Amino acid sequence: MSSLLLFLILYAVTSYVQGWGNIGHSLVAHLAQSQLNERTLQWMRTHLASDMSEIAFWADTIHNSNTNILGSRRWQWSRPLHYINTPSWNCNYVHERDCIDDRCTHGALKNYSTRLMTYENNVRHQQDFFFLVHFVGDVHQPLHVAFDDDAGGNSVDVRFMNTSTNLHSLWDTGILTFRLRNTFQSNINSYYDYLYLKMLNQTSEINDDSFLQWITESLDIKQELCTGNFDIHSESDNGGEFCSKKAGPCRVYGIALNGWPMSASGTVQTNWTGTWYGATEAYPKGTLGNGWNVTFEIGPYPMVDNNCTMWRSIFKENGTIKLTKDNRFCREHGPDDLYIYDGSGGVKVAVQWIHNMLVSSFKYNGVFAVATMRMRGDILEEEILITGDNPAIKDVMVSVRTH
């Protein structure tokens, strides 16, 4: 196998690996394969595998008795090659301590890449290739470079979408499956196209073909846990937060539900998706609209450009509908380019996140309004401040700007 082919495989596979099960490993390998030129691709198909995505998760199946019923025992030696463990709450990788006799992912990467530099047309070299593609994916999953006392999150109990699981499984498959189903309607091709475009727009980092660099990147994420850069919460059943039940404070690992994002301050927001019921309060009391019943219907957060979600509200007084707003919450160009589209008037109102609040400002029929929406505990609260759209002093214009 040529060193050029090896480099292309290693470089391309690293782009979007964040901890995968079968679907994720296949996606990443297919992204890598898309970067091979035609000559290299044909050589690979002739000598190693017809498609990288088909063999990307092979290394996980051979040692598992559920997928290799009769032969899993003879592959148990490969289990330690899937991860790197450091001592508990130690965020530094020391090869002599953490990879004794090269029995870890780092050692496996060195071994199989070296073996493939000199190609021989036999089954063993095909297996070397299968292992290499898989382990490049594993090393980019931060929980494969983790603490020895919690088995890379396998012994950390968490709740997500009101379902009990463990942290490693959630990161490997749960989050990916949830994103695929809710953002891409379970269309794997749409998800692949989305990742492919992101990969093409990604700038390569220095030393991105270095095994130690990949390990360091995963360690940097783990370092956030070591330094306490995550907000501390109690365990929540809403699925928006998931926590460790280990001794000490429960730490949120930063997963937002249904795509509703973390704020700039790092606060994890509760899921807004669903139907909300409440009532309006108007000040001063007796103002039109006070005491109306309101229903909000909110769809999943728009995670891709040029995409909208439901943002509907219905106001009733004594059972009679007084106002219906069939709006859409949209993302246009990038995660910060957000707006609410008024379906009845065809108007776009720009919105932005300020900490944990969604904020918009607009003019309507001679008034100026600032609307905010946020979670207060388990209550979704919208507040609209209205004032006359007039300058405070005659002949002086007043500019209101949100920072």
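Nothing in this text is a laboratory measurement; each read-out follows from the coordinates by a stated rule. Nothing here was measured: the structure is a model prediction, and the numbers come from that model. So basically every Cβ, Gly included, is an ideal-geometry build from the backbone, and we count neighbours across all protein chains shown.
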Exercise for review: Compute the length gained on full extension between Thr216 and Val370: take 0.36 nm times their separation in residues and subtract their Cα-Cα distance, giving the result in nm to one decimal.
Suggested key: 51.0 nm
**Study point:** Modelled label reach - Leu323, point 7 Å along Cα→Cβ, the stretch 329-367 residues with backbone N closer than 19 Å
**Key:** 329, 340-351, 358-367
**Study point:** Where labels lie 7 Å past Cα in the beta-carbon direction, separation of Leu385 and Arg74 in nm
**Key:** 7.3
Review point. Taking the Cβ of Ser313 as the center, what net charge do the other residues with Cβ under 10 Å away carry, scoring Lys and Arg +1 and Asp and Glu -1?
Key: -1
Exercise for review: Return P(r) of the stretch 274-388 (all Cα-Cα pairs; 5 Å bins starting at 0; whole %; ordered from short to long distances).
Suggested key: 2, 10, 17, 25, 23, 14, 5, 2, 0
Practice item. Set the Förster distance to 41 Å, then compute FRET efficiency between Asp101 and Thr177 from the Cβ-Cβ distance, nearest 0.05. Key: 0.70
Exercise for review: Would you mind calculating the gained length between Met310 and Asp336 on full extension (0.36 nm times residue separation, minus the Cα-Cα distance), in nm to one decimal?
Suggested key: 7.5 nm
**Study point:** Under 13 Å, Cβ to Cβ, from His95 - net charge with Lys/Arg +1 and Asp/Glu -1
**Key:** -1
Point to revise | 10 Å beta-carbon shell around Thr295, net charge (K/R +1, D/E -1) | key: +1
Point to revise | Net charge dipole size for the stretch 274-388 [Lys, Arg +1 and Asp, Glu -1 on Cβ; Debye, nearest 20] | key: 280
Exercise for review: Quick one: compute the contact order of the stretch 102-194, relative version, from alpha carbon pairs under 8 angstrom and 6+ residues apart, as a percent.
Suggested key: 14
